Amino acid sequence: MSRRPRLRLGRTRLCTVYDGNVRPRSLWWGPATLALTLSFGTLPPAIAAPAERLTGHWEAVARKDGRSWRFSIDIPGEKPQGATADLVDIAAYGVEFRATRRKNVIHLERKTAAAITVIDGKVHGARITGRLIFSGIEAPFTGARRDAAPPALAEEDVVFGNGAVTLAGTVIHPTGEGPYPAIVCTHGSGPGDRQFAAYRSEGIFYARLGLTALIYDRRGSGKSTGDAAGASIEDLADDALAGVELLKTMKNIQSQEIGVSGISQGGWIAPLAASRSKDVAFVIVLSASGINPMEQSIFDVENALRRGGYGESVVAEASRLRRRIYDFARSGVPDPGLPAALEAARGEAWFRLSALPDPQNVAAVSPGERQFLLFEPVPAWKKVAVPVLALWGGGDASVPASSSREIIEGALAAGGNRDHTLVLYPTADHSLRIVREKSDPWDFPRSVPGARLLLAEWLREHVRAARPAGVSGPEWMPS
């Protein structure tokens, strides 16, 4: 299907990409982030070879049934028990592994609650071979040691505060001469630890582009104090602004070029932060909801039930119960029949997928939770006066992507913001990965083409970033 031409209104760009590909021009910046589930098979016993030959930057390709999937491994000599991997075609970068070396065999392992990720490779001089098992897919891989490694980065642990809450974070710096622009990476609704692979990968992505990135443990997670469950969107936005204040005090930072990014729930946090402070210079959001948390939650659960095979009568019943909960949360007026209705629903097969609360906990709504549910994004977007980039996937089952784009565009226009780029990729999901239909040809999971390239080009146009040494071009991004 042909691509619809890009429309320009002032500096506004409204893009719908019908072939799933926006390809920007003349790029030199590197790739991005998102999620991870990967494991590799085991190789035969190794033959003797010098252990130091395992170190370096390795680029590999796995192949199966005519499809290929790229990744790279970085094995530093000075850290014998550590290594990182870039999963290029799903845009996940700097994923940390524990390494075990024996002669010319390397074993990399990463354990998470969701999966055990293992890479086993056998080195033959400047080449490496092995077996890939990824999302249940087995495929052999081959690779080679390359001189061109990812840009060198430096990390610094920091502590900063928002009122009584102490936040622990890591600043990821480009190396070389600055000063550098910077970005505060806010959290989605998933794990709040800064070591979460997808979130950390976001910071590494921006640092490779030439920005200093701040990632941090969300309040109540990792080494940060406070309570995330009882926090409002305003609380979380003020946490991000505390990060902006920290960056302003640091050397080698362009204090007038500090932005805020957000994915999913961060798509509420980032624009609210920008609307509350003149120190935010730009906003980047992925899969941002234009509707409030209550309506977005209902949209998400309805789609989860449909994916689970339930019909519209079940979807409607689950939504009615959720709306009753939200009516109580909004007004504070008890619903006497609600606990009994939830108790009856708990016996239904669909109750687990509905994410409805236990009947005994329905009355437990803290002031922060109530404020969270009542947050309306449109007023915040109307106050965002700085450049905005927003990307969505048309196949997003968690956020109504098309209507959210329209809502946010309307709010920005109403507030007089003419410098925003809003892009919808029809074939992408909530993580900007390609949605596969049953009738589609088999393929590895992969990011939608062009999204990361567009993000890098937008930053190059809007942010005065020094080009980091060693950046080799678009091979760092899915294409």
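When S287 is tested against the conditions (1) touching a His at 6+ places or on another chain (Cβ under 8 Å); (2) at pLDDT below 95, the lone failure is (2). Restricting region 65-86 to residues that are among the charged types (D, E, K, R) and modelled with pLDDT of 75 or more leaves a set whose member that is surrounded by the most Cβ atoms within 10 Å (Cβ to Cβ) is D86.
The strands (runs of 3 or more DSSP E) found wholly in region 121-232 include none carrying at least 3 residues that are buried (at least 21 other Cβ atoms within 10 Å of the Cβ), of a type in the set (V, I, T) and at pLDDT 90 or above. In region 430-448, the residue that is surrounded by the fewest Cβ atoms within 10 Å (Cβ to Cβ) out of those that are assigned to a loop (DSSP other than H, G, I, E, B) and of a type in the set (V, I, T) is V435.
Just for region 389-411: of the residues that are part of a loop (DSSP other than H, G, I, E, B) and touching an Asp or Glu at 6+ places or on another chain (Cβ under 8 Å), which one is farthest from G266 (Cα to Cα)?
Taking region 389-411 as the starting set, the residues that turn out to be part of a loop (DSSP other than H, G, I, E, B) are 394-400.
Those still in the list that are touching an Asp or Glu at 6+ places or on another chain (Cβ under 8 Å) too: 395-399.
Values: G395: 19, D396: 16, A397: 17, S398: 14, V399: 13 Å.
That would be G395.
Any chance region 432-450 includes a residue that's within 18 Å of the chain's Cα centre (by Cα), in the same structural domain as P174 (by TED's automatic domain parsing), modelled with pLDDT under 95 and under 29 Å from A385 (Cβ atoms)? So far as region 432-450 goes, yes, one or more of its residues are within 18 Å of the chain's Cα centre (by Cα), in the same structural domain as P174 (by TED's automatic domain parsing), modelled with pLDDT under 95 and under 29 Å from A385 (Cβ atoms). The set of residues from region 76-117 being farther than 12 Å from L54 by Cα and either of a type in the set (F, W, Y) or in contact with a His (Cβ under 7 Å, 6 or more places away or on another chain) (or both) comprises Y93, F97.
Between A62, A46, the distinction of being modelled with pLDDT under 90 and surrounded by 13 or more Cβ atoms within 10 Å (Cβ to Cβ) belongs to A46 only.
The values are calculated or read from the model by the stated rules, or taken from the named source; none is laboratory data. None of the values given here were measured: they were computed from a predicted structure. When we count neighbours, we look across all protein chains shown, and the Cβ atoms used for this are built from the backbone with ideal geometry, even at glycine.
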